[in-house]
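What follows is a short report on a single structure.
Derivation of every value follows stated rules applied to the coordinates shown; laboratory data play no part. Note that this is a predicted model, so its numbers are computed, not measured. All Cβ positions, glycine included, derive from the backbone under ideal geometry; neighbour counts span all protein chains shown.
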Amino acid sequence: MIRVLHFADLHLGVENYGRIDPSTGLHSRLLDFLRSFDELVEYALTEQVDLVLFAGDAYKSRDPTPTQQREFASRIHRLTSAGIPVFLLAGNHDLPGASGRANTLDIFAALEVPGVWVGRTLGTHIVPTRAGPVQVMAVPWLTRSFVLKREPMRGRSLEEIDELTVGLLDQLLVDEVARLRPDLPTVVAVHGAVMGATYGSERGVMLGHELLLPRGLLRNPAFDYVALGHIHRHQKLEGLPLTVYSGSLDRVDFGEETEAKGFVIAEVQKGGASFDFVPLKSTRRFLTVELTAEGEDPTAQVREELSKHDLSGAIVKLVIHTNSEKNALLRDPEIQGVMESAFKVAAVVRDVKRETRIRLGVDQNIEQMAPLEVLEKYLRQAREMPEHLVRRLVELATTIVGPE
């Protein structure tokens, strides 16, 4: 039995809802993501897992800063120094924008860092672990160049290219399976969108056109565990072999407010696997507080509702439903003062109710009246026009909107 710690979508470099930390000079959101990464590393060291498998997207950008690269590499070094091998798969955010350029993970392969394997192309790697060897088949993010180099694509649509890509990938997987060692457990690491998965908020950080992989591509009895990356929501896909998205390691925005963030511990052996999801405790909370303030003192209502929530250390969005009269009575300094324990107040949204019942008579409102009737009453009551002008203007209006 080989215990694999599977995680993905670290996205170092996400900097929304943060600020520069004065004590380190680093962006506070970078520190958030590194804190989550540190908790993962500590778990791997304490529990002495056999393999750490990263399923792609180390950084938000294809061109990470040297600081971001240093912080990522230092944590990989902690793992390998403790004798834990690390497998790094290239995701879409890791790949360069031009052919021939290195991806963000190639430095580990170029330096031949002991204990680190990099899956930059489709292929299988034999990784020795304390519990015995395991073969890891890498299926990195597929670009159009993957198929353009093999097939004439002039004049073809994106849908046709996708179909050809899936067909080519299917054949390459068949060929790769034929080369597998039958005596070793097999983990397939895939960075991509697989049919049947539920998206999280990662669509906001996706780059370009998506290739959707049919579920059947990965339903091969030679595979014991399929470790997925790219979709930020942790989930298990239906069917065998066991196929799991670990989800992203930390929250990117309010779309992930209610999602647990963490990593997967998979116990893999020849013939199958089982897994547990390990939620992280150190991830930054996102909190939306939605309330109605239409009382005599709407600011007091807001203060009272906010006092019911733990805002400390959270990224907070406040939504206040009110009307135009009470909106004018809201006192912003007091409201901001109640939220001072929050890490960041991302937004204060005032949803002001539009007054729809505009009275033009004792027993009618504007929604119940025909357009020409509204015009007639407006001219008589609001503009106090003489009757002959009212009739003439209504006649002219009839030539535009037609009779009732």
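For the stretch 286-353, with the dipole built from +1 on Lys and Arg beta-carbon atoms and -1 on Asp and Glu ones, taken about the Cα centre, which of 300, 346, 333 lies farthest toward the positive end?
346
Which of the listed residues, 55, 118, 74, is farthest toward the dipole's positive end in the stretch 2-279, when Lys, Arg count +1 and Asp, Glu count -1 at the beta-carbon?
118
Which trypsin sites (Lys or Arg not before Pro) from the stretch 180-287 combine a DSSP loop assignment with at most 11 other Cβ atoms within 10 Å?
In loop regions of the stretch 180-287 (DSSP not H, G, I, E or B), the sparsely surrounded trypsin sites (Lys or Arg not before Pro) are 281.
Using the count of nearby Cβ atoms within 10 Å as a rough guide to exposure, how do 231, 126 rank from fewest to most?
126, 231
Using amide H atoms built 1.01 Å from N in the peptide plane, name the residues 5+ places from residue 285, or on other chains, whose amide H lies under 5 Å from its own.
Amide H to amide H, under 5 Å and 5 or more residues apart or across chains, residue 285 pairs with 315.
What does the charge dipole of the stretch 1-148 about its Cα centre add up to, to the nearest 20 debye, if the Cβ of each Lys and Arg holds +1 and the Cβ of each Asp and Glu holds -1?
260
Which aspartates and glutamates, if any, have their Cα less than 18 Å from the Cα of residue 281, not counting same-chain residues under 8 positions apart?
Filter leaves 9, 32, 38, 39, 42, 47, 250, 253, 256, 257, 259, 310.
Using a Förster radius of 45 Å, what is the FRET efficiency between residue 23 and residue 374 based on their Cβ-Cβ separation? Nearest 0.05, please.
Calculated transfer efficiency: 0.10.
How would you rank 163, 395, going from fewest to most other Cβ atoms within 10 Å of each one's own Cβ?
Least to most surrounded, the residues fall as 395, 163.
Counting only complete DSSP H runs, which helices of the chain cover 18 Å or more along their long axis at the Cα atoms and score a mean Kyte-Doolittle of -1.0 or above?
Long hydrophobic helices here: 28-47, 158-178, 387-401.
Once you place label points 7 Å from the Cα toward the Cβ at residue 1 and residue 308, how far apart are they in nm?
Rounded to a tenth, the inter-label distance reads 4.5 nm.
With a point put 7 Å past each Cα toward its Cβ, work out how far residue 327 is from residue 160 in nm, to one decimal.
5.3
Roughly how big is the stretch 207-349's charge dipole about its Cα centre, with Cβ charges of +1 (Lys, Arg) and -1 (Asp, Glu), in debye to the nearest 20?
The dipole of the stretch 207-349 has a size of about 740 debye.
Any lysines with Cα under 16 Å of the residue 353 Cα? List them, leaving off those in the same chain fewer than 8 positions away.
By straight Cα distance, residue 353 reaches 326.
So which GluC sites (Glu not before Pro) in the stretch 236-277 are both in a DSSP loop and have at most 14 other Cβ atoms within 10 Å of their Cβ?
Those satisfying the criteria are 238.
Test of understanding: what is the full-extension gain from residue 354 to residue 81, defined as 0.36 nm times their sequence separation minus their Cα-Cα distance?
92.0 nm is the gain from fully extending residue 354 to residue 81.
What is the fewest-to-most order of 191, 77 by other Cβ atoms lying within 10 Å of their Cβ?
Ordered by Cβ neighbours within 10 Å, fewest first: 77, 191.
Given +1 on the Cβ of Lys and Arg, -1 on the Cβ of Asp and Glu, and no further charges, what dipole in debye does the chain carry about its Cα centre, rounded to the nearest 20? Kindly include the intermediate steps, with their values, before the conclusion.
Values: 46 positive and 56 negative charges, 171 e Å.
Result for the chain is approximately 820 debye, rounded to the nearest 20.
Only one of the listed values, (i) 26.5; (ii) 25.0; (iii) 25.8, was derived from the coordinates as Kirkwood radius over Cα pairs in Å; which label is it?
(ii)
List the lysines whose Cα lies under 20 Å from the Cα of residue 60, skipping any in the same chain that are fewer than 8 positions away.
Cα-Cα hits under 20 Å: 261.
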